[in-house]
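Take a look at the structure below.
The values are calculated or read from the model by the stated rules, or taken from the named source; none is laboratory data. Keep in mind that this is a model prediction, so the values were computed, not measured. Positions of Cβ are generated from backbone atoms using ideal geometry, with glycine treated the same way; all protein chains shown enter the neighbour counts. The accessibility values were calculated without ligands, DNA or RNA, using every heavy atom of the protein model including side chains. Shrake-Rupley method; radii C 1.70, N 1.55, O 1.52, S 1.80 Å.
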Amino acid sequence: MKHGIAKTEDGVNIAYQVSGQGPALVLCHAMANDHRMYDEHREAFSKSHRLITFDQRGSGYSDHPPFDEGPESYYTVEKFGDDLKAVVDHLGIHQVTILGFSMGAVAALSFSTRWPERLDRLILASAMASRLPQAIIARARLVETMLDEKGLEETYDFYFSGTLFDGLMAQKKLHHMIALFREKATPQGFKGCFRVTIDRPSLVDELKLIRCPTLILVGENDTHYLVEAELLENTISNAKRVVMPGVGHPLSVQDPKAFEAEVITFIS
């Protein structure tokens, strides 16, 4: 696996990883994760594609710029898309297939609605283009308060104890992975990514700009996102929705083989 650094126009260093040969497949990671959330899928996806993962600004091995509330913030929907663009431009890749998972869907949608001509295919997993439901935003306020008052360790535990994550913290393997993500986390990076994920405007009006074949993956137990998946399918032309049985929001962890099978079938 090759490691490298791409620099964005606003000077942020974005760490990326490349493996395999073939058409480019870029994976965008979830909130409070980094590129390592895809480690167990790397072998499967690298067999037929040039697999590219990266750490969003404020995550993993990329820069964690300061968090600012103002209009010049380093953390915006547009700048998440810029991170992705910096990586593929740095690698000299024009046409890509992009998979965005949860927070990663923000970067995927930001890129695909501004540069739709560069998309071969798009995969949106556990994704929401709408402004999030008020129930999720209300709990998010508690997460931010805990970050300010208690620090990262307790905030990570509280964040992953939410209903979206279906008791994952009780699984030894996942508890270890989350601990690894937390080691690279910073308060400003967590808060910046959290704001882009949770407290952002709706992206629904831009969905009509996406023209490529699109796969919408959602778990049957992911209550808030089931309705959103239907909206995505109905709004994006040439979109197909797949409801994965027996899983919730973290579907790639709960049924990794089924997740891989759906993605590989779609991109083959």
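Taking only protein heavy atoms and a 1.4 Å probe, what accessible area per residue, in Å², does segment 135-268 have with all protein chains in place?
49 Å²
Which of 30, 18, 48 sits farthest toward the positive end of the charge dipole of segment 18-69, with +1 on the Cβ of Lys and Arg and -1 on the Cβ of Asp and Glu?
Sorting the options by dipole projection puts first 48.
For segment 98-138, which whole-number percentage of the solvent-accessible area (1.4 Å probe, protein heavy atoms only) is attributable to carbon and sulfur atoms?
Of all accessible area on segment 98-138, carbon and sulfur atoms account for 49 percent.
Could you pull the accessible area for residue 156 with a 1.4 Å probe, rounded to 10 Å²?
Accessible area, nearest 10 Å²: 10 Å².
So, with +1 on the Cβ of K and R and -1 on the Cβ of D and E, and no other charges, what is the size of the charge dipole of the chain about its Cα centre, to the nearest 20 debye?
In total the dipole reaches around 600 debye.
Starting from a Cα-only point model with no solvent, please compute log10 I(q)/I(0) by Debye for segment 87-202 at q = 0.11 1/Å.
-0.45
Please find, in a Gaussian network model of the chain (springs between Cα atoms separated by less than 10 Å), the residue of 54, 181, 111 whose mean-square fluctuation is greatest.
Greatest mean-square fluctuation among the candidates belongs to 181.
Per residue Cα convex hull volume for the chain, in cubic angstrom?
Taking only Cα atoms, the chain has a hull volume of 114 Å³ per residue.
Taking every pair of alpha-carbon atoms in segment 159-268, what share in percent sits in each 5 Å bin, from 0 to the bin with the longest distance?
Over segment 159-268, the share of Cα pairs per 5 Å bin runs 2, 10, 15, 18, 20, 18, 12, 5, 0 percent.
Rolling a 1.4 angstrom probe over the protein heavy atoms, how many square angstrom per residue are accessible across segment 1-121?
Per-residue accessible area for segment 1-121 comes out at 36 Å².
What shape does segment 66-117 have by the C-alpha gyration tensor, where a ≥ b ≥ c are the square roots of the eigenvalues, rounded means a/c under 1.5, and otherwise prolate means a/b greater than b/c and oblate the rest?
prolate
Please get the size of the charge dipole for segment 22-75, origin at its Cα centre, with Cβ charges of +1 on Lys and Arg and -1 on Asp and Glu, quoted in debye to the nearest 20.
400 debye
If you place +1 on the Cβ of every Lys and Arg, -1 on the Cβ of every Asp and Glu, and leave all else neutral, what size is the dipole of segment 73-166 about its Cα centre, to the nearest 20 Debye?
400 debye
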